[in-house]
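Quick notes on the structure that follows.
We did not get these values from a lab; they are worked out from the coordinates using the rules stated. None of these values were measured; they are calculated from a predicted model. FYI the Cβ positions are ideal-geometry reconstructions off the backbone, even for glycines, and counts take in every protein chain you see.
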Amino acid sequence: MNGRYYAAAVIADVVTVTAALLLAVLIRFGSLSGFQATEYLGTGAFFFLGYYVTSVTENLYSVRTTLNRPMLLYRTLRMTFMVTGSFMLIAFLFKGARLVFIDSRFVIVFNMFAWLFLTLLVKLLILPWLFKVLYSGKRDLSNLLVVGNPSRNSSIASLLRNSIVYSSQKAVLQWPCILPTDPEELTSAVCDKMKEKKCQTAVILFDNRHDFNCIAESCIRLNDALVPFIIYSPGIFSLGYFDPWFSLNDYGALTFLKKGKQSVVPSVQRITDILIASAGIMLLMPLLLATAIAVKLTSRGPVLFKQLRVGENNTTFEFLKFRSMKDGKGNTEAHREYFKRYANGKSAEENGDTFKLDQTSRITTVGRVIRKTSIDELPQLLNVLRGEMTIVGPRPCIPYELEHYRGWQRRRFNIRPGLTGIWQVYGRSRLPFDEAQFLDFLYTIDASHSLDFRLIVKTIPVMLFGKGGL
């Protein structure tokens with residue numbers, strides 16, 4: 001269902017972008033002959049690509065948007081103003097591009113309001129109604145079981161039933177109960193009840209008794225059983241990463257609605273890695289050279305810092321960064337102690353005496369800037385080209401940190417480490433160890449090209465504003 005809705009929403013964007021632009025020109029000039037075909041194509045392509053990239057990043061092409069119309073309205077408004085503002089800025093900076101973009105301010109402003117009206121009409125009314133008409137009364141109507149947490153069971157079931165699209169395809173059944181805290185017992189009970197009720201999808205309502213160890217182990221068992229599922233937990237909001245469309249104000253949700261592990265195709269991923277890394281190195285070459293020169297001129301020592309890290313299948317490789325500290329022997333034992341305390345539940349920012357903050361006296365002036373903006377991580381594009389890392393994935397750990405990873409946390413070593421990931425975008429260094437590892441764990445069972453795309457796009461503002469950098 002989500003794939004069909006995605007395709008319909010993309011087609012709708014093509015139609016509404018075209019219609020809004022033509023309507024704006026007609027109202028302003030009375031005909032379409034005032035601009036050349038290249039101007040229509042350039043302007044239309046800019047707006048469609050802008051809306052497409054933003055919609056994928058914000059998950060606005062998902063059928064889940066029908067669960068929360070106020071949020072869909074807000075995000076569509078924000079997207080419209082942002083893309084239109086970007087177009088105006090680029091058109092102003094490149095005034096000479098007369099044959100590429102339409103330069104009428106009236107046309108662009110009216111186009112903005114016309115597209116906003118048309119897309120809200122389509123996505124708030126027409127698409128949900130169309131899907132309801134097409135799929136209502138189908139014999140293959142699937143059942144969805146809402147299980148657990150008796151105090152919240154009815155509110156979650158009501159949320160799903162209130163969606164026009166979900167109610168047309170899903171028969172929402174309820175099983176209010178107190179779920180066991182043992183993952184094996186929990187998943188066994190859920191699977192048995194799903195079989196009894198002939199349900200194809202499970203909504204698991206965890207409560208405060210279930211920690212991230214229980215939740216992670218339960219997710220693994222459900223994923224291995226090829227069960228599409230949604231999980232709710234009060235603790236999910238603390239991750240900073242949750243599904244906003246399914247979540248309630250105080251009850252966060254994560255969705256795994258495809259059967260089994262959704263891994264990317266290795267050959268496609270490798271080709272994508274090479275293309276992105278090569279393009280990144282070429283585009284960032286001036287910045288890379290400037291950073292290398294600044295590091296070399298402001299402190300003694302090599303430009304690059306090299307460190308042994310653990311990658312896919314526990315193999316080690318030489319990890320590259322721009323050197324941000326004064327050259328000299330690091331205090332490995334102090335870092336071992338820091339990581340041990342962190343792995344035992346102490347947040348990396350809980351106190352001012354953590355290892356990273358104790359090392360501020362060794363950080364160079366240039367190092368402070370490149371660490372805050374993550375520029376020091378850019379040499380890892382070479383690690384990607386060499387096949388030791390990928391663009392998106394869990395960050396590689398230091399060999400002596402391996403002993404602190406246990407059970408489900410070790411699944412991160414089943415895949416290639418990455419330049420960025422869920423933790424880097426949503427959590428970074430502010431999260432306690434178990435919660436940070438849970439974010440990396442989520443990627444191991446939910447990897448996809450669409451998730452990679454969203455994380456890559458969202459990494460840019462994280463780098464620019466230095467969120468969480470130490």
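Just from its helices, what would the mean residue ellipticity at 222 nm be for the chain, if runs of 4 or more DSSP H residues each count -39500 (n - 2.57) and the sum is divided by every residue, rounded to the nearest 500 deg cm²/dmol?
Values: 17 runs with 239 residues, N = 470.
After summing the helix terms and dividing by the residues of the chain, the value is -16500 deg cm²/dmol.
Using alpha-carbon pairs under 8 Å, 6+ residues apart, how would you state the relative contact order of the stretch 266-465 in percent?
Values: 264 pairs, mean separation 49.9, N = 200.
After rounding, I find 25 percent.
Of all DSSP-defined beta bridges confined to the chain, some 50% are antiparallel rather than parallel. How many percent of all Cα-Cα pairs in the stretch 160-214 sit more than 13 Å apart? That fraction is 64 percent.
Here is what passes the span test in the chain: the DSSP H helices with alpha carbon length of 27 Å or more along the helix axis and a Kyte-Doolittle mean of 0.5 or above are 2-29, 37-57, 69-93. Descending by average beta-carbon neighbour count within 10 Å, the peptides 399-407, 23-31 line up as 23-31, 399-407, the highest first. Distance between the 7 Å Cα→Cβ label points at Ser154 and Ala171: 2.3 nm. Only alpha carbons enter this Debye calculation for the stretch 2-135, each as an equal point scatterer, and the log10 of I(q)/I(0) it gives at q = 0.12 Å⁻¹ is -0.47. Relative contact order, whole percent, for the chain stands at 13, derived from Cα pairs under 8 Å and 6 or more residues apart. Binned at 10 Å from 0, what are the whole-percent values of the Cα-Cα distance distribution for the stretch 1-43, short to long? Reading the bins upward from 0: 26, 41, 20, 12, 1. Across the stretch 395-443, the fraction of Cα-Cα pairs farther apart than 16 Å, rounded to a whole number, is 33%. Please give the direction-averaged projected area of the C-alpha convex hull for the chain, in square nanometres with one decimal. Answer in nm², one decimal: 24.9.
Applying the criteria of a DSSP loop state and at most 14 other Cβ atoms within 10 Å to the chymotrypsin sites (Phe, Trp or Tyr not before Pro) of the stretch 43-135 yields Phe94. For the residue pairs Lys321/Lys372; Lys340/Lys372; Lys296/Lys458; Lys258/Lys458; Lys306/Lys340, alpha carbon separations beyond 19 Å are given by Lys340/Lys372; Lys296/Lys458; Lys258/Lys458; Lys306/Lys340.
An oblate overall shape is assigned to the stretch 266-465, the ratio a/c of its alpha-carbon gyration tensor axes (a ≥ b ≥ c) being 1.5 or greater and a/b not exceeding b/c.
The alpha-carbon atoms of the stretch 274-344, seen along their principal axes, cover 41, 34, 18 angstrom, with the largest extent given first. Note on the stretch 142-256: the C-alpha convex hull projects to 6.4 nm² when averaged across all orientations.
Any chance you could run the full-extension gain for Val10 through Glu333? It's 0.36 nm times the residue separation minus the Cα-Cα distance, nm to one decimal. Walk me through the numbers before you get to the answer.
Details: separation 323, 0.36 × 323 = 116.28 nm, distance 5.37 nm.
Stretched out fully, the Val10 to Glu333 stretch lengthens by 110.9 nm.
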